[in-house]
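A.B. asks: Take this structure first; my questions come after.
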Amino acid sequence: AEKDKFFSIIAHDLRSPLSAFVAATQILTEEIQTMNTQEIKNIVLNMKSSATNIYTLLENLLEWSRLRRGGLDFVPEKLNLNEKINDCIDVLSESARKKEIQIIVSISSELEIYADNHMFDTIIRNLVSNAIKFTGTGGKVIVEARVREDQSIEIKISDTGIGMSHELKSKLFKISERTNRPGTNGEPSTGLGLLLCKEFIEKHNGKIWAESEPGIGSTFYFTLVRFKK
């Protein structure tokens, strides 16, 4: 199942943005002398979008590969939850701005978690990126956190996007299932990011789950260990 997932990602999901990138370079090479500034700008923006998608996908593939080979170090440390999440979201702010999506972070500055810095970045980056991807122009993405009765911390990422059917939701986090679908602006998706999130969260002895309704939006929850002073 893992090999099938890898080959399908390489054959289809990696090939598509690469093909778009090559096509854009060909147009520039052959027609740049007759193009105006706006036309050149549009093609360069498309190339940037394709390159960003390729980079993100390769990054997830490499993470997955290292995890499977046991080459990914797990070094948990004390992290301020509010600061870490805002740092991660800063990287995604341009994607949100393009779609006029408001990202709201409602987390106490006092909350601290015990987590691997790199893995936590990957989890937040993937979940918030997905929320932006599947939310239409002018929507909202809200990030919240609370302390549960067992003293673990529950992090909640909700959006006002297109949501998921019950069937699609039941296939999430399963490597044998294909859950990829385009975002509201045609952004590519492979489902690999969610698989990585699940692996990383379980490495922290946490769990991840989702709630969603078609046309209303999705909410992803996951738990991590609270840092005890």
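The values are calculated or read from the model by the stated rules, or taken from the named source; none is laboratory data. Please read all numbers here as calculations on a predicted model, not as lab measurements. Cβ: placed from backbone, ideal geometry, glycine included. Neighbour counts: every protein chain shown. Side chains are part of the model used for accessible areas, which takes the heavy atoms of the whole protein and leaves out ligands, DNA and RNA. Shrake-Rupley method; radii C 1.70, N 1.55, O 1.52, S 1.80 Å.
A.B. asks: Within region 24-37, does at least one residue satisfy the condition of being over 23 Å from the mean Cα position of the chain (by Cα) and either under 25 Å from Phe7 (Cα atoms) or in contact (Cβ under 8 Å) with a residue 24 or more places away in the chain (or both)?
C.D. replies: So far as region 24-37 goes, yes, one or more of its residues are over 23 Å from the mean Cα position of the chain (by Cα) and either under 25 Å from Phe7 (Cα atoms) or in contact (Cβ under 8 Å) with a residue 24 or more places away in the chain (or both).
A.B. asks: Evaluate the following for Ala115: is it under 18 Å from Leu196 (Cα atoms), over 17 Å from the mean Cα position of the chain (by Cα) and assigned to a strand (DSSP E or B)?
C.D. replies: Yes.
A.B. asks: Of all residues in region 177-206, count the ones that are under 26 Å from Asp116 (Cα atoms), of a type outside the set (Lys, Arg), surrounded by 14 or more Cβ atoms within 10 Å (Cβ to Cβ) and out of contact with any strand residue (DSSP E or B) (no Cβ under 7 Å at 6 or more places or on another chain).
C.D. replies: 10
A.B. asks: Go through region 63-79 and count every residue that is touching a helix residue (DSSP H, G or I) at 6+ places or on another chain (Cβ under 9 Å) and more than 16 Å from Asp121 (Cα to Cα).
C.D. replies: Residues in region 63-79 being touching a helix residue (DSSP H, G or I) at 6+ places or on another chain (Cβ under 9 Å) and more than 16 Å from Asp121 (Cα to Cα): 3 in total.
A.B. asks: Looking at the structure I just gave you, is Lys133 closer than 17 Å to Phe220 by Cβ, surrounded by 15 or more Cβ atoms within 10 Å (Cβ to Cβ) and modelled with pLDDT under 95?
C.D. replies: So Lys133 fits the description; yes.
A.B. asks: Follow-up question, since we're still on this one. So, Leu168, is that one crowded, with 19+ Cβ neighbours inside 10 Å and assigned to a helix (DSSP H, G or I) or not?
C.D. replies: No; evaluated as a whole, the condition is false for this residue.
A.B. asks: If you go through region 119-134 one residue at a time, do you hit one that is assigned to a loop (DSSP other than H, G, I, E, B) and not hydroxyl-bearing (Ser, Thr, Tyr)?
C.D. replies: Checked region 119-134: at least one residue is assigned to a loop (DSSP other than H, G, I, E, B) and not hydroxyl-bearing (Ser, Thr, Tyr).
A.B. asks: Would you mind finding the one in Lys156, Lys174 that is outside any loop (DSSP other than H, G, I, E, B), open to solvent by 60 Å² or more (accessible area, probe 1.4 Å) and either in contact with a helix residue (DSSP H, G or I) (Cβ under 9 Å, 6 or more places away or on another chain) or within 24 Å of Glu63 (Cβ to Cβ) (or both)?
C.D. replies: None of the others qualify; the one that does is Lys156.
A.B. asks: Considering only region 177-213, how many residues are in contact (Cβ under 8 Å) with a residue 12 or more places away in the chain, out of contact with any helix residue (DSSP H, G or I) (no Cβ under 9 Å at 6 or more places or on another chain) and farther than 23 Å from Ile155 by Cβ?
C.D. replies: Qualifying residue count for the region: 0.
A.B. asks: Another question, then. Report whether or not Asn82 is at pLDDT 95 or above, assigned to a helix (DSSP H, G or I) and among the polar types (S, T, N, Q).
C.D. replies: yes
A.B. asks: Sticking with this one: Confirm whether Thr52 is closer than 21 Å to Lys98 by Cβ, assigned to a helix (DSSP H, G or I) and either at pLDDT 75 or above or not polar (S, T, N, Q) (or both).
C.D. replies: Taking the combined requirement at face value, the residue satisfies it.
A.B. asks: Step by step: first the residues of region 98-127, then only those that are in contact with a Ser or Thr (Cβ under 8 Å, 6 or more places away or on another chain) and open to solvent by less than 60 Å² (accessible area, probe 1.4 Å), then the one that is nearest to Leu79 (Cα to Cα). Which residue is that?
C.D. replies: Residue satisfying both the conditions and the ranking: Ile103.
A.B. asks: Could I ask something else about it? Does region 56-69 contain any residue that is among the basic types (Lys, Arg), touching a residue at least 60 places away in the same chain (Cβ under 8 Å) and part of a helix (DSSP H, G or I)?
C.D. replies: The answer is yes; a qualifying residue exists.
A.B. asks: Can you find, within region 178-223, the residue that is farthest from Leu168 (Cα to Cα) among those that are among the polar types (S, T, N, Q) and in a strand (DSSP E or B)?
C.D. replies: Thr223
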